[in-house]
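Below is one structure, written out as structure tokens; the observations come after it.
The values are calculated or read from the model by the stated rules, or taken from the named source; none is laboratory data. All of these numbers come straight from a predicted model, not from anything done at the bench. So basically every Cβ, Gly included, is an ideal-geometry build from the backbone, and we count neighbours across all protein chains shown.
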């Protein structure tokens with residue numbers, strides 16, 4: 001019964017989490033090293049499993065982009081191993097005391113970081129997520145229940161088998177990393193009901209998939225929403241800087257969530273800025289969709305539709321709007337944006353501060369590209385994803401975001417009057 | 001249409017939240033003072049509305065306990081006003097920068113506290129929650145959509161009318177505090193769907209009600225679960241201290257979530273400790289339900305059933321178990337407890353530390369009563385509730401827990417290579 005299997009594995013992860021919860025940093029790093037030894041020692045087996053998935057991909061006509069994401073080779077396996085080594089080098093957040101107070105009655109109260117417990121992760125095609133996510137969860141003391149995409153099932157099974165060998169090598173319970181093999185969508189639905197065993201669910205994938213999970217899960221969810229990111233060019237912007245920033249934010253890697261999807265330009269600099277910025281974007285084959293004022297200034301621009309303003313293109317497309325002032329820019333971003341990453345280009349300090357304060361997004365920038373929203377670029381050393389929700393974690397999530405806080409109270413016999 | 005009304009009010013709160021988001025501490029304190037002036041100036045109107053509810057309570061046969069909670073008088077209104085004054089005196093967490101880093105490329109990254117946005121609060125009979133919750137949300141820059149118990153509907157309507165007058169007095173939008181008047185349960189269901197407008201839901205009430213909301217809400221929930229709290233008396237405990245602590249934790253106020261519901265005793269001290277602790281508890285009319293070993297030691301004890309171990313009695317009842325060691329105590333608490341507040345009484349430092357680390361609860365104590373789990377006792381100055389979940393907030397929640405973090409990035413033209 002696949003549904004029993006989901007429940008059983010969630011329970012197994014929860015049980016194992018009690019052991020990890022109390023493992024030292026040294027034990028957890030020892031585990032990650034053992035996993036790396038297993039990966040390095042079994043590259044042919046990994047590639048063989050991956051070839052099975054690639055054959056299936058060819059038979060089922062999986063798209064070229066997805067097939068490319070699915071493909072492993074020795075270089076990519078080497079990257080996985082280096083990723084795990086990077087996690088080993090990160091400081092362990094568990095046990096850190098972030099606040100201490102002493103009350104008048106003598107109670108000493110500490111707020112201490114502890115693991116979340118058992119984390120469920122639902123993801124799609126890239127098999128490297130299996131290793132990355134497991135490494136981050138284990139280092140932060142969490143057990144993990146993984147559910148990867150069906151197109152990578154053979155590769156993922158092989159990788160999880162190696163992780164389990166690594167667990168065995170260091171005498172930690174096999175349940176520390178569990179993996180759901182069922183390709184059935186009902187297995188995902190069953191995961192959403194395991195609030196007794198799973199402390200949090202982190203879904204990574206399409207906006208639709210994440211929205212469905214948020215509406216149907218009794219397990220608390222950390223959502224990785226889409227990125228409809230804006231660059232606003234203010235009247236006082238350094239226009240050369242603005243051109244570099246919008247070009248970088250749009251073109252450097254258009255398929256990712258922190259790429260810019262919208263350009264807003266103050267009307268007083270639109271005539272000067274837009275034709276030259278548009279020429280530069282056109283040279284990189286970016287399609288420009290404009291409002292009426294943009295259409296009057298930019299050759300080759302096509303009219304933007306109303307739905308374009310809230311869309312995440314993930315492609316060489318940008319929608320451009322001329323706004324009359326900072327207020328209109330902020331209102332537009334808060335209304336149509338996805339609260340991911342938004343930037344202003346300005347030399348005016350006061351307007352920069354207003355933008356940073358008033359734009360209600362996980363990450364707000366003055367005079368920099370939105371492309372920096374990333375755990376590595378922010379110095380977290382790793383990333384389990386980028387949260388666009390407000391509770392618990394917002395923006396790039398590293399090891400700390402895989403922990404929670406606990407109040408630890410030291411008394412000497414205090415009772416309440 | 002009551003359902004349209006819920007959506008309209010959620011939208012109105014969201015719109016108003018943009019104004020509050022950018023209000024200064026001075027403006028927000030000015031608002032709270034205006035609300036207090038309205039309350040103090042309209043005590044007869046509040047009491048008149050409350051009498052309507054009390055008449056309805058008598059007609060519908062509301063229980064004595066709930067009627068008592070519902071009842072207002074001049075003293076209780078005075079307490080409301082003092083509560084708001086206390087919130088005025090608290091420091092405003094909004095705008096605080098809790099972390100700053102500078103990256104090698106020159107980007108300056110700050111993590112800044114900002115309001116959550118629009119908060120939904122679902123609560124039951126006590127009308128003072130209307131004022132307390134509104135004051136805490138407003139001070140932390142959040143708009144709030146309230147849904148109180150139907151038995152307090154007239155009192156709540158009157159209090160919200162006065163809050164709205166206060167908002168008008170200081171020229172802030174009426175939508176900063178919205179209130180759902182419909183007594184229909186469908187109105188609550190509709191609230192759970194307002195993820196477009198509400199950033200978080202905080203339900204306060206029965207375990208069943210909260211469980212239902214967690215399973216059916218697309219808005220992220222901060223759950224205030226039940227408190228099945230334990231006191232464990234270790235073999236090395238100061239037994240007089242242990243007696244004071246269990247007596248206080250059980251008897252001082254048995255109806256609240258941080259009262260002890262379970263007593264675990266190490267077998268080596270059970271014969272010495274249990275008869276005298278039981279006598280003391282019996283004098284306060286506490287019913288003792290014991291496991292087999294307890295029954296052999298304690299006169300008048302009745303057998304505990306299997307379900308007693310996971311129940312929150314909220315009454316003068318305690319279930320008592322003799323355990324063979326610390327491991328069994330920790331396992332029992334993690335398995336049957338509700339992860340709220342648990343205490344060990346011990347003179348052994350190492351065992352105390354193990355208990356604090358390994359018990360997976362929001363608040364863990366060594367040598368103190370569980371009754372201290374409370375925002376005021378912890379020095380937060382106020383409390384919107386006590387969270388038993390792990391995400392976002394855990395344990396007593398004050399103003400900081402009504403905020404979230406935002407990454408604020410200052411650049412000088414950086415683009416990603």
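For the stretch A:99-116, the condition of being out of contact with any strand residue (DSSP E or B) (no Cβ under 7 Å at 6 or more places or on another chain) and away from every other protein chain (no Cβ under 14 Å) holds for none of the residues.
In summary, residue A:385 fulfils each of the numbered conditions (1) in contact with a strand residue (DSSP E or B) (Cβ under 6 Å, 6 or more places away or on another chain); (2) more than 7 Å from chain B (Cβ to nearest Cβ); (3) within 30 Å of residue B:353 (Cα to Cα) with the single exception of condition (3).
Return a yes/no flag: does the stretch B:148-167 have any residue that is without any contact (Cβ under 8 Å) to a residue 40 or more places away in the chain, under 19 Å from residue B:30 (Cβ atoms) and either over 24 Å from the mean Cα position of the chain (by Cα) or not assigned by TED's automatic domain parsing to the domain that holds residue B:403 (or both). Checked against the condition, which is being without any contact (Cβ under 8 Å) to a residue 40 or more places away in the chain, under 19 Å from residue B:30 (Cβ atoms) and either over 24 Å from the mean Cα position of the chain (by Cα) or not assigned by TED's automatic domain parsing to the domain that holds residue B:403 (or both), the stretch B:148-167 yields at least one hit. Restricting attention to the stretch B:24-63, the residues that are free of Cβ contacts under 8 Å to residues at least 24 places away in the same chain and under 25 Å from residue B:170 (Cα atoms) add up to 4.
Just give me the residues in the stretch A:370-379 being over 15 Å from residue A:227 (Cα atoms) and facing chain B (nearest Cβ under 10 Å), in sequence order. Let's see the steps before the verdict.
Restricting attention to the stretch A:370-379, the residues satisfying the condition of being over 15 Å from residue A:227 (Cα atoms) are A:375-379.
Answer for the stretch A:370-379, where residues must be over 15 Å from residue A:227 (Cα atoms) and facing chain B (nearest Cβ under 10 Å): A:377, A:378, A:379.
A quick yes/no check of all residues on (1) within 14 Å of another protein chain (Cβ to nearest Cβ); (2) under 24 Å from residue B:397 (Cα atoms); (3) modelled with pLDDT under 90:
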position: B:167; (1), (2), (3): no, no, no
position: B:174; (1), (2), (3): no, no, no
position: B:188; (1), (2), (3): no, yes, no
position: B:201; (1), (2), (3): yes, yes, no
position: B:208; (1), (2), (3): yes, yes, yes
position: B:225; (1), (2), (3): yes, yes, yes
position: B:233; (1), (2), (3): yes, no, no
position: B:246; (1), (2), (3): yes, no, no
